[in-house]
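K.L.:
Below is a structure I'd like to ask you about.
The values are calculated or read from the model by the stated rules, or taken from the named source; none is laboratory data. Remember, predicted model here, so these are calculated numbers, not experimental data. So basically every Cβ, Gly included, is an ideal-geometry build from the backbone, and we count neighbours across all protein chains shown.
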Amino acid sequence: MADLDASRGRLHAVARAIRRSGASEPLAGQVSGRATLIRVMYWWQVKPGREEAFAAAWGEITRWMRAHAPGACGSLLVRSADDPHEFVGVARWTSRAAWEAYQASDPHAAELLAHTQVMRATSERSRPPAFFEEVSDLTLRGEGEQADGD
């Protein structure tokens with residue numbers, strides 16, 4: 001538990017440093033000669049017994065956004081090993097401007113709205129979103145594709 005608290009503390013310190021730096025919008029820039037993507041982190045507390053419904057709705061929303069929201073590059077969902085009701089989503093966007101444009105839009109797709117209602121009914125956001133510049137991604141993609149060039 002102490003390790004988890006220490007990790008959360010470091011993550012929050014990074015988020016505060018990014019906000020204090022006054023990084024101009026959008027955050028996209030250059031790292032090692034390539035365009036930098038951003039990651040947006042979201043935290044939720046999911047109601048007991050509703051974890052599967054929440055994760056399924058999150059997956060459908062992510063698939064919809066990847067197909068229809070300009071700049072959305074997909075997302076990763078993780079659950080705390082210490083609290084099975086705490087979930088963190090890490091979304092990848094081409095820029096903060098793309099994320100903000102989507103947030104300002106009003107998508108009316110029935111399937112998106114239905115899944116959003118499920119997420120709202122099964123969870124509460126436990127803190128505001130945090131923005132990070134992607135420096136390097138050495139992970140394998142969720143669909144089995146290896147990350148490019150890092």
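K.L.:
Taking segment 84-116 only, how many residues are buried (at least 18 other Cβ atoms within 10 Å of the Cβ), part of a helix (DSSP H, G or I) and in contact (Cβ under 8 Å) with a residue 60 or more places away in the chain?
P.N.:
Total satisfying the criteria: 3.
K.L.:
Which members of segment 119-134 meet the condition of being touching a residue at least 40 places away in the same chain (Cβ under 8 Å), farther than 22 Å from Cys73 by Cβ, surrounded by fewer than 18 Cβ atoms within 10 Å (Cβ to Cβ) and not small (Gly, Ala, Ser)?
P.N.:
Once the filter is applied, which keeps residues that are touching a residue at least 40 places away in the same chain (Cβ under 8 Å), farther than 22 Å from Cys73 by Cβ, surrounded by fewer than 18 Cβ atoms within 10 Å (Cβ to Cβ) and not small (Gly, Ala, Ser), segment 119-134 yields Glu124, Arg127.
So that you can scan it fast, the table gives a plain yes or no per residue for (1) outside any strand (DSSP E or B); (2) among the β-branched types (Val, Ile, Thr); (3) at pLDDT 95 or above:
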{"position": "Ile18", "(1), (2), (3)": "yes, yes, no"}
{"position": "Met41", "(1), (2), (3)": "no, no, yes"}
{"position": "Trp44", "(1), (2), (3)": "no, no, yes"}
{"position": "Pro48", "(1), (2), (3)": "yes, no, yes"}
{"position": "Glu52", "(1), (2), (3)": "yes, no, yes"}
{"position": "Arg66", "(1), (2), (3)": "yes, no, no"}
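K.L.:
Collect the residues in segment 117-150 that are under 28 Å from Ala53 (Cβ atoms), among the small types (Gly, Ala, Ser) and either assigned to a loop (DSSP other than H, G, I, E, B) or modelled with pLDDT under 95 (or both), keeping them in residue-number order.
P.N.:
If the condition is that a residue be under 28 Å from Ala53 (Cβ atoms), among the small types (Gly, Ala, Ser) and either assigned to a loop (DSSP other than H, G, I, E, B) or modelled with pLDDT under 95 (or both), then Ser126, Gly142, Gly144 are the ones that fit.
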